[in-house]
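Down below is the structure, laid out as structure tokens.
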């Protein structure tokens, strides 16, 4: 397993942090302006999703980074339809309450490497599906995102939103990197080893050790194989 994806993600994350500080808080009007410059046909849906994300106080929605991505995408060479397809991938993720930090990193990396927009859109769409399937796996193993006032069944664990999202996001990134590096969806142990190594390496800096231990104690190699197969089938 290579550490290169982790290094690239760290560099992109550092750049995003600097950009956020420079740009400052953005508004829906700012997003409307940049969407009109693409132009995006389904602007109302995108803005509704962004409004939902920006009003979510529990999760630290990365509005500045999302705006910067859309701004860069608007000025990138390519068809408006391909740009809108990428924007709609993010819209779908936000609508479903999925963490988008890893998607932002991948999109910025793709633009920096001049990846063709149709291909970049497919890669991002695949990662959203990985997040969806992984979240379903979490739920099936009794690992939930804590909701104020909600009760938790016996044997289940509700993690704070930021910790749940970090765990889910990095699992999705590990699976996405595995597939994009040519990994076989049928090699269940290799998939598990990739995930275990990624999460373990991030323990203490990005992830909480107890959360990683919880996840690895409740999922197995066949579970992750089924997640991957559900996406690539």
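When the chain is treated as a GNM, springs tying every alpha-carbon pair under 10 Å, which of 190, 83, 55 comes out with the largest mean-square fluctuation? Of the options given, 55 has the highest mean-square fluctuation. With neighbours defined as other Cβ atoms within 10 Å of a residue's Cβ, the residues 233, 56 order from fewest to most as 233, 56.
For the options 152, 128, 89, a Gaussian network treatment of the chain with springs between C-alpha atoms closer than 10 Å singles out 152 as fluctuating the most. To test your reading of the geometry: what angle, between 0 and 90 degrees and rounded to tens, separates the Cα axis of helix 188-202 from the longest principal axis of the chain? The angle comes out at about 70 degrees.
The distance linking the range 166-186 with the range 58-96 is 21 Å (Cα centroid to Cα centroid, whole angstrom). Helix 161-180 and the longest principal axis of the C-alpha atoms of the chain enclose an angle of approximately 90°.
Taking Cα pairs under 8 Å and at least six residues apart, what relative contact order does the chain come out at, in percent? It comes to 17 percent, rounded to a whole number.
Taking label positions 7 Å along the Cα-Cβ direction at both residue 140 and residue 226, the computed distance is 0.3 nm, reported to one decimal.
Among 161, 185, 77, whose mean-square fluctuation peaks in a Gaussian network model of the chain (Cα, cutoff 10 Å)? Result: 77 has the largest fluctuation of those listed.
Would you compute, from DSSP H runs of 4+ residues alone, the mean residue ellipticity of the chain at 222 nm, taking -39500 (n - 2.57) per run and dividing by the full residue count, rounded to the nearest 500? Write down the numbers at each step before the final one.
Working: 11 runs with 163 residues, N = 233.
Calculated mean residue ellipticity at 222 nm is -23000 deg cm²/dmol.
Answer with a single label: of (i) 53, 37, 33; (ii) 62, 45, 30; (iii) 48, 43, 32, which was calculated as Cα extents along the principal axes in Å from the structure in view? Among (i) 53, 37, 33; (ii) 62, 45, 30; (iii) 48, 43, 32, the one calculated here is (iii).
Taken together, the values in this text are just the output of simple stated rules run on the coordinates, not laboratory data. A quick note: this is a predicted structure, and the numbers were derived from the prediction, not measured. Quick reminder, even Gly has a Cβ in these numbers, built from the backbone with ideal geometry, and neighbours come from all protein chains shown.
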